[in-house]
1. I need the full set of residues from region 78-101 which are exposed (fewer than 15 other Cβ atoms within 10 Å of the Cβ) and not in a loop (DSSP other than H, G, I, E, B), in order please.
2. Which pairs do you get when a residue that is in a loop (DSSP other than H, G, I, E, B), found in region 156-177, comes within reach of a residue that is among the basic types (Lys, Arg) and at pLDDT below 95, reach meaning Cβ atoms under 9 angstrom, with the pair 6+ apart or on two chains?
3. Taking region 51-72 on its own, how many of its residues are in contact with a helix residue (DSSP H, G or I) (Cβ under 6 Å, 6 or more places away or on another chain) and not in a loop (DSSP other than H, G, I, E, B)?
4. Restricting to region 113-133, name every residue that is within 28 Å of residue 177 (Cβ to Cβ), of a type in the set (A, V, I, L, M, F, W, C) and either within 16 Å of the ligand (Cβ to nearest atom) or assigned to a helix (DSSP H, G or I) (or both).
5. Looking for whichever is within 16 Å of residue 161 (Cβ to Cβ), in contact (Cβ under 8 Å) with a residue 12 or more places away in the chain and out of contact with any Leu (no Cβ under 9 Å at 6 or more places or on another chain) here; the options are 65, 71, 134. Which one fits?
Amino acid sequence: MIRLLASTGREDIAKVYVAEGTDGNRLEFVESIQPPLSRDEKWVLIISTLYGCPVGCRFCDAGGSYSGKVSREDLLGQLDHMVLSRYPDGRVPSKKFKIQFARMGEPAYNDAVLDVMEELPSRYDSDGLLLSLSTIAPSGREKFFDRLLDIKRDRYQGRFQFQFSLHTTDEEKRRWLIPSRTWGMEEMAAYGTEMRRGDERKVVLNFAIGDDMPLDPDVLLHHFDPHDFIIKLTPVNPTFQAMSNNISSKLDDKSVASNLEQAGFEVIVSIGEEEENLIGSNCGQYLKAYEQGTPLPGGYTYPLQDI
Ligand code: SF4
């Protein structure tokens, strides 16, 4: 059972919730819309899959502490809170009703994520249901990824967005940024190609590009076919971790995107609505601020309100 502790944000852009799970551990989850689209057109829910994260990426406030997996009930509890408070009958009218397993925690460490994916089409009445999962592709989780592929093919063909978080093409720097054993690019390419098979959606390769983090189009081309993979560039947000590790963003360097495009890749530069960035895009940050009783870094304008 999820117990809400605090929330912040704006109804017309994004709201962040801090809550306690059944076993007393804390997490955060988010809902957002993307102006000028209304909620009836697109509604995005982003939930936590672990309490903290054992990976400890250098720019992420979810890492650094880890106290376990979020149970199936509490994964659904995060979604139920957002869905049922707006649509008590569970009927979601949004043309695109997107659920992202992308807030706190590497989702591939939690098999309950797959149980929830199997259950969602019967839990909510929605023609617009879309799923999205972002992963660093941790080594040793091959069974998770095999089952994920089956679930996608059985239930979400054409309605599933899969993303690898790479952040740099320099392997040594990737090891530093993501201090955990992960698949290499070759394994990612093979799996991603399977995920893409028969689907119009390309697999996303996400780079939150920081200063001194190379993104070499030739390295990408060597492994990833632009027919199957699309590049998403996002800023490194001013998290507590990014600031203490001196990682800032070089997304304003236009040559990064144009070099990738010249190599044949489709590129999305995802800066997002400014207000949305201010209130909702940095995983683990709100929980950390709530627990420390500190304000958020980077000029955040929406303080957490206790519930
Ligand atoms: S970015 Fe993802 S994998 Fe890395 S510490 Fe944060 S939640 Fe974990």
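The values are calculated or read from the model by the stated rules, or taken from the named source; none is laboratory data. Since the model is a prediction, treat every value here as computed from it, not as a measurement. Note that each Cβ is placed from the backbone with ideal geometry, even for glycine, and that neighbours are counted across all protein chains shown. Accessible surface is based on the protein model in full, side chains and every heavy atom, while ligands, DNA and RNA are left aside. Shrake-Rupley method; radii C 1.70, N 1.55, O 1.52, S 1.80 Å.
1. Matches in region 78-101: 84, 85, 86, 91.
2. Partner pairs satisfying both residue conditions: 158/201; 159/201; 166/174; 167/173; 167/174; 168/174.
3. Number of matching residues: 1.
4. Quick first cut of region 113-133, residues within 28 Å of residue 177 (Cβ to Cβ) only: 113-114, 117, 131-133.
Remaining after also requiring of a type in the set (A, V, I, L, M, F, W, C): 113-114, 117, 131, 133.
Correct list: 113, 114, 117, 133.
5. Numbers: 65 fails: within 16 Å of residue 161 (Cβ to Cβ); 71 fails: within 16 Å of residue 161 (Cβ to Cβ).
Criteria check complete, one pass: 134.
To keep it simple, each residue is scored yes or no on (1) within 11 Å of the ligand (Cβ to nearest atom); (2) open to solvent by 40 Å² or more (accessible area, probe 1.4 Å); (3) modelled with pLDDT of 90 or more.
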residue	(1), (2), (3)
23	no, yes, no
41	no, yes, yes
44	no, no, yes
49	yes, no, yes
53	yes, no, yes
56	yes, no, no
62	yes, no, no
72	no, yes, yes
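Residues are listed down the side, and each one gets a yes or a no for (1) under 25 Å from residue 21 (Cα atoms); (2) within 12 Å of the ligand (Cβ to nearest atom); (3) not polar (S, T, N, Q):
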site: 83; (1), (2), (3): yes, no, yes
site: 96; (1), (2), (3): no, no, yes
site: 111; (1), (2), (3): yes, no, yes
site: 135; (1), (2), (3): yes, yes, no
site: 161; (1), (2), (3): no, no, no
site: 177; (1), (2), (3): no, yes, yes
site: 185; (1), (2), (3): no, no, yes
